[in-house]
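First the structure, in the form of structure tokens, and then the observations on it.
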2 protein chains.
Amino acid sequence: MFSKACEYGIKAIIYIATQSLENRRVKIGDVANHSGSPEAFTAKILGTLTKHRIVRSVKGPYGGFEIDVGRMKHMKVSEIVYAIDGDSIYKGCALGLDRCNAAEPCPMHDHFFSIRNELKKMLETTTVYDLATKLRSGASILVR
Amino acid sequence: MFSKACEYGIKAIIYIATQSLENRRVKIGDVANHSGSPEAFTAKILGTLTKHRIVRSVKGPYGGFEIDVGRMKHMKVSEIVYAIDGDSIYKGCALGLDRCNAAEPCPMHDHFFSIRNELKKMLETTTVYDLATKLRSGASILVR
DNA sequence: TTTATTTAAGATATTTTTGTCTTAAATGGA
DNA sequence: TCCATTTAAGACAAAAATATCTTAAATAAA
């Protein structure tokens, strides 16, 4: 569904968010450990997310990553997905046609349409704050 | 969503099905042309689908691929997806956790559950016959 | 100012996916 | 039997995704 890069990105953001809720910056190493993702790859992905202003980074001692709590409440998962995987999830045709729409649909178009729409709506309504508070309360996990 | 291999496989099967409805066997070259997919790669994928008995192949002059019309009416898209991509679509966790379920969910689990289920149900109820007749009637297209 | 700590950026490596090519095997017809 | 046609199978190649490594830049504190 999502690329590995996107999975790592979402998990990293959720973990950083839980720590920002406690007013703690986190280093790459901690992010990797607590999200069960490879450290160097996660660092690269966080570079992308920093450029997209989804997370803030601070260099040097006592540095690390943080997310503004106010912003977190309005930040949608769709923004993370878009920053890493682009819009393929939203616009792509199930059978890979360049253009595929109601007027000239691929054979699966109608079947996919509502499902894809629901997925889109879900990603656009789920906030990072929602996911982070659920993780913090122990109602969900990031690593096994 | 699906791998390229899976996209090509589904398109190939739909095209072969339209031709089997007219009692015509089709050669790899025709399949590739009419499904807009690379020929050699499509041939390899049809090899897999032949082993899974999803399509029948006949070697030699007047040979090619065909699908039994009776079988076609009960053949679900999910069978093609499973033969090529395995069960990742059905069982995979959105965030890549090895195990992820209601008891120990990833933070996205609940959000994904119903969407994934709908996708599964859709693939398990859509038949190759449905898709082939729609294509044959001109209500959908495979190539642009 | 120097040092330790931390992210940034990009080069490099590995693995997986996608794609092609070559040779073998089967089959129908001359 | 021999040839032309077609799929089968697996080796090979290219591209993309995943992952690591190295060096640079920033910054806080001594």
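Coordinate-derived values only; no laboratory data. Owing to the predicted nature of the structure, the values given are computational and were not obtained by experimental measurement. Every residue, glycine among them, receives a Cβ derived from its backbone with ideal geometry; neighbour counts consider all protein chains shown.
At least 3 residues being within 14 Å of chain B (Cβ to nearest Cβ) is the threshold, and among the helices (runs of 4 or more DSSP H) wholly inside region A:42-120 those reaching it are A:77-85, A:88-91.
Every condition in (1) out of contact with any helix residue (DSSP H, G or I) (no Cβ under 9 Å at 6 or more places or on another chain); (2) of a type outside the set (Val, Ile, Thr); (3) farther than 17 Å from residue A:2 by Cβ holds for residue A:129 except the one numbered (1). Residues in region B:82-137 that are touching an Asp or Glu at 6+ places or on another chain (Cβ under 8 Å) and aromatic (Phe, Trp, Tyr): none.
Anything in region B:59-101 that is among the β-branched types (Val, Ile, Thr), buried (at least 16 other Cβ atoms within 10 Å of the Cβ) and more than 16 Å from DNA strand C (Cβ to nearest atom)? List them, or say none.
B:67, B:77
Within region B:121-138, restricting attention to residues that are outside any helix (DSSP H, G or I) and more than 8 Å from every other protein chain (Cβ to nearest Cβ), the residue that is surrounded by the most Cβ atoms within 10 Å (Cβ to Cβ) is B:127.
Only one of (1) within 13 Å of DNA strand C (Cβ to nearest atom); (2) surrounded by 16 or more Cβ atoms within 10 Å (Cβ to Cβ); (3) within 14 Å of another protein chain (Cβ to nearest Cβ); (4) not basic (Lys, Arg) is not met by residue A:38, so which one is it? Going through (1) within 13 Å of DNA strand C (Cβ to nearest atom); (2) surrounded by 16 or more Cβ atoms within 10 Å (Cβ to Cβ); (3) within 14 Å of another protein chain (Cβ to nearest Cβ); (4) not basic (Lys, Arg) one by one, residue A:38 breaks only (2). Across region A:10-41, the number of residues qualifying as part of a helix (DSSP H, G or I) and among the basic types (Lys, Arg) comes to 1.
Residues that are of a type in the set (D, E, K, R) and surrounded by fewer than 20 Cβ atoms within 10 Å (Cβ to Cβ) within region B:1-35 comprise B:4, B:22, B:24, B:25, B:27, B:30, listed in sequence order. Can you tell me which residue within region B:55-66, out of those that are closer than 16 Å to residue B:132 by Cβ and in contact with a Leu (Cβ under 9 Å, 6 or more places away or on another chain), is farthest from DNA strand D (Cβ to nearest atom)? Among those that are closer than 16 Å to residue B:132 by Cβ and in contact with a Leu (Cβ under 9 Å, 6 or more places away or on another chain), it is B:55.
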